[in-house]
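Let me begin by presenting the structure, written as structure tokens, before commenting on it.
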Amino acid sequence: VQLVETGGGLVQAGGSLRLSCAASGISLSAYGMSWHRQAPGKQRELVASISIRGTSTTYADSVRGRFAVSRDNARNTLYLEMNDLKPEDTAVYYCKAFTDRATYWGQGTQVTVSA
């Protein structure tokens with residue numbers, strides 16, 4: 001099983017990035033999905049989650065209205081659209097696939113937002 005995040009990078013404050021998380025070895029249509037991030041010296045935190053069919057989403061207060069999580073089960077891919085980025089959004093972003101029985105994490109992608 002492998003989850004691979006891409007799309008991170010360096011962006012100026014106010015800019016946008018789109019992260020992708022491509023899965024292999026599992027069918028994401030059977031998994032809840034979420035994005036998490038970890039900044040240096042801080043604990044990993046939940047950013048957004050999405051239900052199996054994509055009909056329900058949740059967001060951390062700090063990103064609500066700026067970030068949007070979506071999924072394409074046919075492409076076995078999860079997305080995170082990030083707009084109006086702020087320096088405090090700087091972190092390594094991870095995707096997670098989960099059921100009651102299993103949890104898988106990606107290796108992370110770095111997002112750096114300059115002031």
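The values are calculated or read from the model by the stated rules, or taken from the named source; none is laboratory data. Small disclaimer: the values here were computed from a predicted structure and weren't measured. Please note: Cβ atoms are built from the backbone with ideal geometry, for glycine as well, and neighbour counts cover all protein chains shown. What goes into the accessible areas is simple: the full protein's heavy atoms, side chains included, and nothing from ligands, DNA or RNA. Shrake-Rupley method; radii C 1.70, N 1.55, O 1.52, S 1.80 Å.
Within the range 82-108, the only residue that satisfies the criterion of being over 18 Å from VAL1 (Cα atoms), assigned to a strand (DSSP E or B) and touching a Gly at 6+ places or on another chain (Cβ under 6 Å) is VAL92.
Scanning the range 46-70 for residues that are more than 13 Å from ARG18 (Cβ to Cβ) and open to solvent by 40 Å² or more (accessible area, probe 1.4 Å) returns LEU46, ILE52, ARG53, THR55, SER56, THR57, THR58, TYR59, ASP61, SER62, ARG64, GLY65. I'm checking my understanding of the structure. Among residues of the range 53-81 that are of a type in the set (S, T, N, Q) and in a strand (DSSP E or B), which one is nearest to ILE26 (Cα to Cα)? By that ranking, first place goes to THR77.
Only one entry in GLY15, GLY108 is open to solvent by less than 40 Å² (accessible area, probe 1.4 Å), in contact with a strand residue (DSSP E or B) (Cβ under 7 Å, 6 or more places away or on another chain) and modelled with pLDDT of 95 or more, namely GLY108. Being under 17 Å from TRP105 (Cβ atoms), among the charged types (D, E, K, R) and free of Cβ contacts under 8 Å to residues at least 60 places away in the same chain is a description that applies to ARG44.
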